[in-house]
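Working notes, beginning with the structure itself.
Every number here is computed from the coordinates shown, using simple stated rules; none is lab data. All figures in this text were calculated on a predicted structure; none of them were measured in a lab.
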């Protein structure tokens, strides 16, 4: 089976390389993507807030997980946009569709945050 010449080695060296690539990806997203920075700041607000609320461990976990999920979605969305732009800056319907679908995924991620927070917190507010 052919593999990419960019594939790393095995064992601990592969883990070290992968960690470096991941840190570089986070840095590139933070420096180059305003939407990612906005989500990081939203997470810096919501995650500590969730931990201050009188909730069960499972509810805390859900509130944190949905917030972190938005970062994952934005990283994938940004990666899709980067690949599309790398292939061609020419306007094409398939390129637009790919970017729009990535954006739609993020919108759904944000709706998941809102819905999860509402489902967990609203009953407590009106109890």
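The slack between residue 52 and residue 23, meaning 0.36 nm per residue of separation minus the straight C-alpha distance, is 7.6 nm. Helix 57-87 and the long axis of the chain differ in direction by around 30°, with both axes built from C-alpha atoms. For Cα extents along the principal axes in Å, the value computed from the atomic coordinates appears in the list [x] 54, 22, 21; [y] 39, 36, 26; [z] 59, 43, 30 under label [z]. Of the residues 58, 79, 34, the one that moves most in a GNM of the chain with alpha-carbon contacts below 10 Å is 58.
Answer rounded, prolate or oblate for the range 8-62, using the Cα gyration tensor with square roots of eigenvalues a ≥ b ≥ c: rounded when a/c is under 1.5, else prolate when a/b is larger than b/c, else oblate. Before the final figure, lay out the partial values.
Working: a/c = 5.01, a/b = 1.61, b/c = 3.11.
Here the range 8-62 falls in the oblate category.
In a Gaussian network model over the chain where Cα atoms closer than 10 Å are linked, find which of 93, 106, 38 has the largest mean-square fluctuation. Result for the chain, Cα springs under 10 Å: 93 fluctuates most.
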